[in-house]
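Structure first, commentary second.
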Amino acid sequence: MYFPYLRGRQNELLCLQELLNTGKLSSKVIPIIEPVKFSSTFFSTLMKFIEMNREIIVIKNPKVGSFRKELSEMKSDIEKEEDRNRKEKLRKTLDKYSNVWNDSGIQEAYLVDNMIIDKIRKNEINIKESVMINIEKENYNYYEEYGNAISGKYTVVPKGGDFEDVVEDNIIILEDGYRKAKRNIDYIENPDESFSRNHIVYKKRGLVGFSDFSIVGNEFDDSGFAPLAIAIHIMYFGERGELRVHHFVSESNESISDPARKFEEAMHSLIKWDKFNIIPKTIGLNNLIECYNTGKFPGLGVIKKNSLMHHIEIIGKYLEDR
């Protein structure tokens, strides 16, 4: 099973919605969402999974973003609102969101830390029905001390740690295989890179699944800016079945002006790529090709959304075929 770890930004959520709506989200793929925004898109995405009876894992104690702060602000706004009709409308919205958040169709997950360990020991968390997520290798100390007493329905552990010595069952390996450059223009220096082999070896190693941060990477940065270069990141399978990522970068990178031209240049490089005719034409990739063919610049967020869709679709198809 593949468990893509997404931070719940707008276009990451829309990626999942589009894959669901087009029937391209394999049942072999169960997304893990760390919510970073208290947004209607986040809750509509959860509702879509619930309605379609599809599995999704939601982290209940997010560490990054403004989800908790925005939830608190919404509650405060309701208390302060003097207009009765608006107050009631806000309360109904919050109640609807709360019902979705607590729906039994949502698989609960927790980022393991001291607070979560304390709640587990006090039986405030149903550990055997929850997914326990460890991003840091230092979390091994918790498992060395408590062992399977803090192992969940699934236990997500970082690759290269010692967790497998103390966690016996239902391990998901998490690897950040994406080398995120400081600037898009830097991808020109190393356009083709290895990403992961976990999809090949996870079963041989007794794991129930594998996880990654796709083309986004673990580092969270919610700030936006206009880049000098536009880069399109496309996953594909190498000659030995390993997953690789190729970076297609624009050429007119002297200034931030004319992003449409930069997109056209990066797409032209993709179309002329020697592997273009043999890689799967997923819905995400076809969306990019259509934008290129019609001369439409989709925007940076949509470019990333479609590249992410491409990655998730090809992994799902790979697992289905095996």
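The values are calculated or read from the model by the stated rules, or taken from the named source; none is laboratory data. Since the model is a prediction, treat every value here as computed from it, not as a measurement. Neighbour counts run over all protein chains shown; Cβ positions are idealised from the backbone, glycine included.
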Among the residues of the range 203-218, is any modelled with pLDDT under 90 and either of a type in the set (S, T, N, Q) or out of contact with any strand residue (DSSP E or B) (no Cβ under 9 Å at 6 or more places or on another chain) (or both)? yes
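Let's see how each residue does on (1) within 20 Å of D212 (Cα to Cα); (2) in contact with a Lys or Arg (Cβ under 9 Å, 6 or more places away or on another chain); (3) surrounded by 13 or more Cβ atoms within 10 Å (Cβ to Cβ):
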| residue | (1), (2), (3) |
| --- | --- |
| R91 | no, no, yes |
| A109 | yes, yes, yes |
| N114 | no, no, no |
| E124 | no, no, no |
| A149 | no, yes, no |
| T155 | yes, no, yes |
Go over the candidates I127, I106, I135 one by one and state the one that is without any contact (Cβ under 8 Å) to a residue 60 or more places away in the chain and among the hydrophobic types (A, V, I, L, M, F, W, C). I127
When restricted to L20, L6, the only residue in contact with a Cys (Cβ under 9 Å, 6 or more places away or on another chain) and not β-branched (V, I, T) is L6
Are there any pairs with C-beta distances below 6 angstrom linking a residue in the range 2-31 that is more than 23 Å from V208 (Cβ to Cβ) to a residue that is of a type in the set (S, T, Y), with the two at least 6 apart or on different chains, and if so which? Q10/T41; L13/T41; L13/T45; Q17/T45
Residues satisfying the stated conditions in the range 35-52, i.e. of a type outside the set (V, I, T) and assigned to a helix (DSSP H, G or I): S40, F42, F43, S44, L46, M47, K48, F49, E51
Every residue from the range 61-78 that is basic (K, R) and either touching a Ser or Thr at 6+ places or on another chain (Cβ under 9 Å) or buried (at least 16 other Cβ atoms within 10 Å of the Cβ) (or both): none
Answer yes if at least one residue in the range 189-199 is surrounded by 14 or more Cβ atoms within 10 Å (Cβ to Cβ), farther than 26 Å from L16 by Cβ and of a type in the set (G, A, S), and no otherwise. no
Would you confirm, using the coordinates I've provided, whether D103 is closer than 22 Å to K48 by Cα, touching a helix residue (DSSP H, G or I) at 6+ places or on another chain (Cβ under 9 Å) and acidic (D, E)? yes
Kindly indicate the residue of the range 234-264 that is charged (D, E, K, R) and buried (at least 17 other Cβ atoms within 10 Å of the Cβ) and also nearest to D192 (Cα to Cα) among those meeting that condition. R244
Just checking, does the range 172-186 include any residue being exposed (fewer than 13 other Cβ atoms within 10 Å of the Cβ), over 19 Å from E12 (Cβ atoms) and of a type outside the set (S, T, N, Q)? yes
